[in-house]
Amino acid sequence: MKKLFSLLAISGMLFFGSANAFAQEEQAQDQEPATEQVAEQAPASTQVVQDQAEEVPIHKAIKTKFIEGGAGFMASVLICLILGLAIAIERIIYLGLASTNTKKLLNKIEEALNGEGGIEAAKEICRDTRGPVASIFTQGLERYNEDKEGNLEFVEKSIVSYGSVQMGQMESGVTWINLFIALSPMLGFMGTVIGMIQAFDSIEQAGDISASLVAAGIKVALITTVSGLVAAIILQVFCNYILTKIEAITNDMEDASISFMDLLVKYEENKSK
């Protein structure tokens, strides 16, 4: 439930942020100073030169293309982008908190095992440390029984099993990001098909082929295609970063688990002496 609320909050922030940007742009255009009106009364040739000299800001260009592409398909692509980014940001924050300094943790556990606290002291250290590595160590220590022979094999199996659970938690949400990566260009291509249908409808109604008749439909088709591809590219970059982060944490987890089992083996040997 907390994860759902966090996703909704991030999606709302991204959506309303873009909506506020558009609203502020509309308000700025409505409240242009009187000097703009004076400039409009200048000769046509001078105004054309000024318009060519001025560069259109990127946010204005994006807004114009969004409107020209059509509200239906462009809004669908934007929703896919916003939801995908919300899940990606949530995963990045989660994986950032899941990162642990395993060397420091293993040193603390070794000191606890060599000290008077033993297993119980090591459990407390693992409980007080966040991240999947510490959670795996905690599960292994909880199942360690000093009075039972062959206990290390049972501990190793519990570590492997709980490691799979932690892997599933880290990969949670990646499937949804891949879904939005696939949906974005598909929606763009659908807009392309609709735009081409509109272009051929215009030709059919006019009974003649003219560039002005088909330009609008082809323009909508190209804008929706580009928007879908851009959204998919952005989400793909985030998805690859998340997968790389998960792979790094997994490798660290496996290496730390091997070192952890070595510490327990040394603890068993010292205890038997």
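The values are calculated or read from the model by the stated rules, or taken from the named source; none is laboratory data. For clarity, every value in this text was computed on a predicted model and none was experimentally measured. Note that we place each Cβ from the backbone using ideal geometry, even for glycine, and neighbour counts take in every protein chain shown.
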Subject >> Members of the range 152-171 that are under 14 Å from Ile242 (Cα atoms) and loosely packed, with under 14 Cβ neighbours inside 10 Å >> reply: Gly168, Gln169
Original post:
Among Glu120, Glu153, Glu116, which is assigned to a loop (DSSP other than H, G, I, E, B) and among the acidic types (Asp, Glu)?
Top reply: Glu116
Original post:
Taking only pairs six or more apart or across chains, which ones have beta-carbon atoms under 6 Å, a first residue in the range 127-139 that is touching a residue at least 24 places away in the same chain (Cβ under 8 Å), and a second residue that is crowded, with 18+ Cβ neighbours inside 10 Å and not hydrophobic (A, V, I, L, M, F, W, C)?
Top reply: Gly131/Thr100; Pro132/Gln166; Val133/Thr100; Val133/Thr102; Ile136/Tyr162; Ile136/Gly163
Original post:
What residue, among those in the range 104-126 that are within 10 Å of Phe260 (Cβ to Cβ) and free of Cβ contacts under 8 Å to residues at least 40 places away in the same chain, is surrounded by the fewest Cβ atoms within 10 Å (Cβ to Cβ)?
Top reply: Cys126
Subject >> Selection count where residues are surrounded by fewer than 23 Cβ atoms within 10 Å (Cβ to Cβ) and either over 12 Å from Ile181 (Cα atoms) or more than 17 Å from the chain's Cα centre (by Cα) (or both), scope the range 224-241 >> reply: 3
Subject >> Total residues in the range 172-188, condition buried (at least 16 other Cβ atoms within 10 Å of the Cβ) and over 15 Å from Thr244 (Cα atoms) >> reply: 8
Original post:
Looking at (1) touching a residue at least 40 places away in the same chain (Cβ under 8 Å); (2) touching a Leu at 6+ places or on another chain (Cβ under 8 Å), which is the only condition Ile203 fails?
Top reply: (1)
Original post:
Does Ile125 qualify as being more than 21 Å from Ser172 (Cβ to Cβ) and touching a Lys or Arg at 6+ places or on another chain (Cβ under 6 Å)?
Top reply: yes
Subject >> Selected residue [over 30 Å from Ile177 (Cβ atoms) and of a type in the set (Ser, Thr, Tyr)] from Tyr94, Tyr144 >> reply: Tyr144
**OP:** May I ask you to list the residues in the range 163-210 that are of a type in the set (S, T, N, Q), outside any helix (DSSP H, G or I) and modelled with pLDDT of 80 or more?
**Re:** Ser172
**OP:** Could you tell me whether the range 130-137 includes any residue that is within 30 Å of Ala86 (Cβ to Cβ) and in a loop (DSSP other than H, G, I, E, B)?
**Re:** yes
